Amino acid sequence: MKLSINVDHVATLREARGENEPDPVVAAGICELAGADGIVCHLREDRRHINDRDVRLLREIVNTKLDLEMAGTDEMVKIAIEILPDLVTLVPEKRQELTTEGGLDLSSDNSRLSDVIKELHSKDIKVSLFIDPNPAAVDKAIELNAEIIELHTGRFANMRTEKDVLLELSRIGAVARMASEQGIIVTAGHGLHYSNIFPVVNIPEIQEVSIGHSIISRAVFTGLHKAVEDMIRIIRKNY
Ligand code: PXP
């Protein structure tokens, strides 16, 4: 299993003071040195953490894979086409939310999304759709020609009883299996941390996880290099 690290929270800390540090671009370099397989940043409409300068510099320095997480708006598509990340992860975005609250709603008219995906593909940018773990959403993602689906693990992370955790986990596992049998690449993310990642690692169809909050939180105490190494050890089952 591979690990992409979301560096948004480093930018959040910078913005808390309106100064130049800590710099998410420096964080990305450290994550790569520690063995991360990719760097994720979410450019939000309100630029509350990552800003346009960060995305530009990340594109220059990231040597693994740059995943630009964004809403499928005209503004963001234009930026993606200028910056040329390796991958765009399309997410729904609500202005007031603290973090991305759910997967994309693919249940109604997807013609706008289809145009966005075609435009990104025309520039050789791969597209991942962030979806809730349900089979109908997988079918739609395949119809829309996305290369990757990222299964939303937020519900799993929020479950409080063992029974609910196992239920949600088996749902994620079944959807991952069904999707990968149809040839689409499956990744997962949201709310994953150093404890709840263990059972996710055992779902063989999930090729990669995208983690931000827990790694950057641990980095405050252990340093970023060690926080990344600790997570890599778990996901590679190297303990
Ligand atoms: N994947 C997506 C699509 C996200 O929106 C986020 C949060 O920015 C993450 C993964 C990472 O979530 P967390 O910060 O909870 O690890």
Given the conditions (1) assigned to a helix (DSSP H, G or I); (2) within 16 Å of the ligand (Cβ to nearest atom), which single one is not true for Asp164?
-> (2)
Restricting region 167-185 to residues that are assigned to a loop (DSSP other than H, G, I, E, B) and over 18 Å from the mean Cα position of the chain (by Cα), the residue that is surrounded by the most Cβ atoms within 10 Å (Cβ to Cβ) = Gln182
When region 55-78 is examined, which residues are found to be crowded, with 18+ Cβ neighbours inside 10 Å and farther than 15 Å from Glu32 by Cα?
-> Val55, Leu68, Glu69, Met70, Ala71, Gly72, Met76, Val77
Residue count, region 196-218, condition crowded, with 23+ Cβ neighbours inside 10 Å and in contact with a helix residue (DSSP H, G or I) (Cβ under 8 Å, 6 or more places away or on another chain), comes to 7
Of all the residues that make up region 106-130, how many are small (Gly, Ala, Ser), away from the ligand (no atom under 16 Å from the Cβ) and closer than 22 Å to Asp54 by Cβ?
-> 0
Mind counting the residues in region 207-218 that are over 24 Å from Leu166 (Cα atoms) and free of Cβ contacts under 8 Å to residues at least 24 places away in the same chain?
-> 0
For residues that are in a loop (DSSP other than H, G, I, E, B) and without any contact (Cβ under 8 Å) to a residue 40 or more places away in the chain, scanning just region 65-74, find the one that is nearest to Lys126 (Cα to Cα).
-> Ala71
Among Val77, Val62, Val91, Val10, which is the only one that is among the hydrophobic types (A, V, I, L, M, F, W, C), within 20 Å of Val228 (Cα to Cα), free of Cβ contacts under 8 Å to residues at least 60 places away in the same chain and touching an Asp or Glu at 6+ places or on another chain (Cβ under 8 Å)?
-> Val62
Scan of region 1-57 for residues that are in a loop (DSSP other than H, G, I, E, B), aliphatic (A, V, I, L, M) and over 13 Å from Ala219 (Cα atoms), ordered by number | Met1, Ala36, Leu43, Ile50
Return the residue satisfying two criteria in turn: it lies in region 81-105 and is among the hydrophobic types (A, V, I, L, M, F, W, C) and either away from the ligand (no atom under 15 Å from the Cβ) or on the phi > 0 side of the Ramachandran plot (or both), and of such residues it is surrounded by the most Cβ atoms within 10 Å (Cβ to Cβ).
-> Ile83
Looking only at region 193-206, decide whether some residue is within 18 Å of Ala34 (Cβ to Cβ), without any contact (Cβ under 8 Å) to a residue 40 or more places away in the chain and more than 16 Å from the ligand (Cβ to nearest atom).
-> no
Residue satisfying condition, being within 12 Å of the ligand (Cβ to nearest atom), part of a helix (DSSP H, G or I) and crowded, with 16+ Cβ neighbours inside 10 Å, within set Ala137, Ala157 | Ala157
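No value in this document is a laboratory result; all are computed from the given coordinates. These figures come from a predicted structure and were not determined experimentally. Counting neighbours? That spans all protein chains shown, and the Cβs are built from the backbone with ideal geometry, glycine included.
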